[in-house]
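Here's the structure, in structure tokens; my notes come after.
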Amino acid sequence: MVLDRSKWIVPPVFKVIQGIGQVAEEEMLRTFNMGIGLVIIVHQEQAELILKELAESGERACLIGRVEQGENLVEYLGA
């Protein structure tokens, strides 16, 4: 997965935890997901429709990345 950090807002509580605990950014992402509560993976062609339907249902959602073939890891852009 390739996730773009500029696509979601990190809740302030995570910066407080990071500062008090002197936790590295990479560890914060791995442990706390920095505010990402749930990820739904859908086909690229369906993404806009799904986002629209979620918004109409009162959910706050955004497109934060993509799945690519490769290593078994998560890459963060803009980190």
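Nothing in this text is a laboratory measurement; each read-out follows from the coordinates by a stated rule. What you see is a predicted model; the values in this text were computed from it and never measured. Cβ placement follows ideal geometry from the backbone for every residue including glycine, while neighbour counts extend to all protein chains displayed.
Ellipticity at 222 nm from helices only: DSSP H runs of n ≥ 4 in the chain, each -39500 (n - 2.57), divided by the residue count, give -10000 deg cm²/dmol. Give, in nm to one decimal, the length gained when the segment between residue 75 and residue 25 is fully stretched (0.36 nm per residue of separation minus the Cα-Cα distance). Length gained between residue 75 and residue 25: 16.7 nm. An ellipsoid equivalent to segment 14-79, defined through the eigenvalues of its Cα gyration tensor, has semi-axes of 27, 18, 8 Å when rounded to whole angstrom and sorted largest first.
The trypsin sites (Lys or Arg not before Pro) of segment 46-79 that DSSP puts in a loop, and whose beta carbon has at most 14 other beta carbons within 10 Å, are 60.
Across 36, 17, 64, mean-square fluctuation computed from a Gaussian network of the chain (C-alpha pairs under 10 Å connected) peaks at 17. A simple charge model with +1 on the Cβ of Lys and Arg, -1 on the Cβ of Asp and Glu and nothing else charged puts the dipole of segment 1-57 at about 220 debye relative to its Cα centre. Compared with the dominant principal axis of the Cα atoms in the chain, helix 47-56 is inclined by about 80°.
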